[in-house]
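The next block holds one structure in the form of structure tokens; read it before the comments.
The numbers here are math on the coordinates, done by the rules we state, and not lab data. Remember, it's a predicted structure, so these values are computed and weren't measured experimentally. With ideal geometry, Cβ positions are generated from the backbone for all residues, glycine too; neighbour counts draw on all protein chains shown.
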2 protein chains.
Amino acid sequence: MNGLEEDIYSLLLALSLALVIGKLLEDLAIRVNLPPVIGDLLGGLILGASFLAIYPVTSTIETLAWFGVILLLFYAGMETRYRTFMRNLGIYGMITIGEALAAFTVGYLIGTLFGYPPLSSFFIGAVLEATSVSVSIKTLIDIGKLATPEGYAILGVAVLDDLAALITIIVGKSLISKGIVDPILVVEILVTSIAFWFLLVITLHKASNVILLKAMKLRVSEGAVAIVLGIFAFLAYATKYVELSPLIAAYAAGLALSEARGVGRIAERIRPLALILSTLYFTSITASLDIKAVVRSEFIVFYLLFILGAVTGKVLGAGLTSYLIGFPKISALRIATGLLPRAEFCIIAAYVGYTAGLFGGEVYLAAILVVFTTNIFTPVIIKTLFTRGPEIDYVRLRIRRGLSV
Amino acid sequence: MNGLEEDIYSLLLALSLALVIGKLLEDLAIRVNLPPVIGDLLGGLILGASFLAIYPVTSTIETLAWFGVILLLFYAGMETRYRTFMRNLGIYGMITIGEALAAFTVGYLIGTLFGYPPLSSFFIGAVLEATSVSVSIKTLIDIGKLATPEGYAILGVAVLDDLAALITIIVGKSLISKGIVDPILVVEILVTSIAFWFLLVITLHKASNVILLKAMKLRVSEGAVAIVLGIFAFLAYATKYVELSPLIAAYAAGLALSEARGVGRIAERIRPLALILSTLYFTSITASLDIKAVVRSEFIVFYLLFILGAVTGKVLGAGLTSYLIGFPKISALRIATGLLPRAEFCIIAAYVGYTAGLFGGEVYLAAILVVFTTNIFTPVIIKTLFTRGPEIDYVRLRIRRGLSV
């Protein structure tokens, strides 16, 4: 009983701090022309371990915050258009191959440059490969630019990049335990994940009108919202049994429902929940980090090069590929910027390498710094690039390369 | 990382089961003319420990479910009218004294009847005293009868009964540890709790228009909803430092904001969140209970008398007092029924007595059975009494006893 009481008080405190301080700082961010999510991140930094240390991060709060960002991706899925997304999957695939390879290579080269052996460098490559676009998506929702060719590309590449990152880590683990790559395992994971994803999206999309029609006929209050949330939660849960992040399944569920009749009204009801819980997420990630402990002078060059590598890998890989397949320069840059943020996967890769003794704490700390800097600066660059440059010409884009929007 | 993953999957599973199965059973309940909350309770019973055992109840889910019911009381507060409630507080006070004394006495007598010593009987009285009206409030919201004189009375008495239950438990603890009642402690707790409650309600009520006006001027999306939720969470958190349940503070916060300009639109945005999370609560409470383990034949008479006592104490105490101060018979019965449900406080009292060695597991199990039966049957009786009988005559009521609505 007492543990439960402590837990509820911590949750209430975290929520009140994240919501009041977070939203006031979001407002301030908007006034000085920054994206609102900066307010949440800054709030966490001030209230958390780095400075005031009054913001609690219990496991319940972490779980709920993570649920919040899963819900945010579900909401983003509902705001995408199914047909446009599916038609352009090939294009997203090409960009993913480009950006994943480039980012991994840059990481591998940095590792080699600092004298790490090949397997260690492999994991440094994995650390820099994995994108986590939550902060980009929140920013795009806030500035109303999610439903743009670049916004869709960022979402599409994020889905596929998640798979790429997973494969990289699996291959790395296989290299650690057996010294060789198990190709059967890799193919198995690739096939099951992709099959699961498509099965989920296509089946749910076909059933979406029927489900929503039935759900809206329920006589209970908030029935349709509850059923839709229940289905989303179940599909995200089902990823427990395949090698896929719940984030990706959540996005898929939203995407599959995005063209059903009446989904707009339901998305409108889910929006406050998604935005409130994701505020908890963005506040918690910076709150749990003690920036004072991470910044250590002896590794400053390594850190700087690591951050630089995190940026150049994605900008070169995603930017160049996007440009080559037909996006104008400004669009290619927008897409690349959206892919800069790293989060969970980056930390996981660093953690796996660290616990396997492939490198010391310096890579783990560097990964934390990359997470921190990419999440803090990306929203600002996204806002600048998406609001100042020209809107890209949908028609011209379609004519040139068959890209449809 | 792994613990967090397990935790998120459990949460997703619980949410999907509670929302989909819960809402379908809610719909079924409505079709057979039962209150919807029965669907949630039944869903938990089927999915939980008693039968299928597929519904997880982790500490994160318990915390979130409890947060859901705190939020439900906040929402109920926003749906009340401040002035009406405050004007009638004296009346609610009289009903509370009647129902608390009667329920306690019935419990004490049952204890004595079964041969328990006085201190043990005192705790059996405490077990039967404490009301937890969440299920009544959910039912009243669902059938649209919260804003009635009886609905307000149930809410008002619930607030004061919480205080009465607290005092009973404190006195009991004092009797266990010192053998005597510490009157200074009792007065201290009474004064600080009541002072905190009034300070909270009156201050926030005075500031409510200004706060909402400022919150609605924020340029961030869902800003006003977030600020209002943040304030609610903070006030519920603040009860950590006074002897008051966060439920009561949540209700007070809602009540204080209930007449501010623009609060209706905010309440409308909070409603899905409150109803969805409280579904998680109602499903979880029956899911965590293994009804097979509780029903043991050797105590069957004791159990039955215990349940009977739980009902008669409240019906006699609250019903009679309400009738005597001017409510018509049907209203008095409605109020009494709304006060039947027991939950946390009842279990806490039983747990304290049990761990102090005042009685064996039989009282603890009886308390669980009381929680179970009162929560299952009350919604049905409430629905019958509130929808079949006449609406009470507001004007006549005011003229007769100064009661205003």
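Summing -39500 (n - 2.57) over the DSSP H runs of n ≥ 4 in chain B and dividing by its residue number, what mean residue ellipticity at 222 nm do you reach, to the nearest 500 deg cm²/dmol? Show your work: numbers first, answer last.
Details: 20 runs with 309 residues, N = 405.
Calculated mean residue ellipticity at 222 nm is -25000 deg cm²/dmol.
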Shielding of A:233-246 by partners, i.e. mean partner chain Cβ atoms within 10 Å per residue? 4
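Filter the trypsin sites (Lys or Arg not before Pro) in the stretch B:225-269 down to the DSSP loop ones having no more than 11 other Cβ atoms within 10 Å, then list what survives. It would help to have the intermediate numbers written out before the result.
Values: sites: B:K240, B:R261, B:R265, B:R269; in loops: B:R261.
Listed in order of number, the matching sites are B:R261.
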Applied in sequence order to the stretch A:208-219, the curve 6.51 cos²θ - 1.76 cosθ + 1.60 (Karplus, θ = phi - 60°) yields integer Hz couplings, x standing for Gly and Pro, of 4, 5, 5, 4, 5, 4, 5, 4, 6, 7, 4, 8
How would you classify chain A from its alpha-carbon gyration tensor, with a ≥ b ≥ c the square roots of the eigenvalues: rounded for a/c under 1.5, else prolate if a/b is greater than b/c, otherwise oblate? rounded
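Can you pull the mean other chain C-beta count within 10 Å for peptide A:269-276? If you can, show how the numbers build up before the last one.
On the way: counts 6, 3, 4, 12, 8, 1, 6, 8.
Per-residue shielding by partner chains comes out at 6.
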Please turn the phi angles of the stretch A:10-22 into ³J(HN,Hα) values with the Karplus equation 6.51 cos²θ - 1.76 cosθ + 1.60 (θ = phi - 60°), one per residue in order, whole Hz, x for glycine and proline. 4, 4, 4, 5, 4, 4, 5, 5, 4, 6, 6, 5, x
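What is the sum of charges around B:E268, taking Lys and Arg as +1, Asp and Glu as -1, for the other residues whose C-beta is under 14 Å from the C-beta of B:E268? Intermediate values should be presented prior to the final figure.
On the way: positive: A:R265, A:R269, A:R271, B:R265, B:R269, B:R271; negative: A:E222, A:E268, B:E79, B:E222.
Residues close to B:E268 contribute a combined charge of +2.
Set the Förster radius R0 to 45 Å, insert the Cβ-Cβ distance between B:V242 and A:V32 as r into 1/(1 + (r/R0)^6), and round the FRET efficiency to 0.05.
Details: r = 39 Å, r/R0 = 0.87.
Approximately 0.70, to the nearest 0.05.
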Relative to the other copies, what are the label-point distances for B:G90, with labels 7 Å from Cα along the C-beta vector, expressed in nm at one decimal and sorted shortest first? 8.2
Once phi is turned into θ = phi - 60°, what whole-Hz ³J(HN,Hα) does the Karplus curve with 6.51, -1.76 and 1.60 give for every residue of the stretch A:261-268, x standing for Gly and Pro? 5, x, 6, x, 5, 5, 4, 4
At A:M216, with labels set 7 Å past Cα in the Cβ direction, how many nm apart are the copies from this one, shortest first? 2.9
Here the correct list, in nm and shortest first, of distances from B:E391 to the same site in the other copies, label points 7 Å along Cα→Cβ, is 5.1
With label points built 7 Å along Cα→Cβ from the Cα atoms of B:L119 and A:L119, find their separation and express it in nm. 6.5
Rounded Å value of the spacing that divides the Cα centres of the stretch A:206-264 and the stretch A:1-66: 28
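Based on the alpha carbons, how large is the Rg to Rh ratio for the protein assembly as shown when Rh follows Kirkwood? Please list the in-between numbers first.
Values: Rg = 28.8 Å, Rh = 28.3 Å.
Over the Cα atoms of the protein assembly as shown, Rg/Rh equals 1.02.
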To the nearest Å, what is the center-to-center distance of the stretch B:351-385 and the stretch A:80-142, using C-alpha atoms only? 56
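Shape verdict for the stretch B:1-112, please, from the Cα gyration tensor: rounded (a/c under 1.5), prolate (a/b greater than b/c) or oblate. Write out the running numbers ahead of the final one.
Working: a/c = 1.86, a/b = 1.70, b/c = 1.09.
Here the stretch B:1-112 falls in the prolate category.
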What is the mean number of Cβ atoms from other protein chains located within 10 Å of the Cβ atom of each residue in peptide B:212-222, rounded to a whole number? 5
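Return the subset of B:K138/B:K292; A:K214/B:K383; A:K214/A:K240; A:K214/B:K145; B:K138/B:K383; A:K178/A:K314 for which the Cα-Cα distance in this structure is over 23 Å, preserving the input order. Mind dumping the intermediate values first?
On the way: B:K138/B:K292 27 Å; A:K214/B:K383 26 Å; A:K214/A:K240 28 Å; A:K214/B:K145 27 Å; B:K138/B:K383 11 Å; A:K178/A:K314 30 Å.
Among B:K138/B:K292; A:K214/B:K383; A:K214/A:K240; A:K214/B:K145; B:K138/B:K383; A:K178/A:K314, the Cα-Cα distance tops 23 Å for B:K138/B:K292; A:K214/B:K383; A:K214/A:K240; A:K214/B:K145; A:K178/A:K314.
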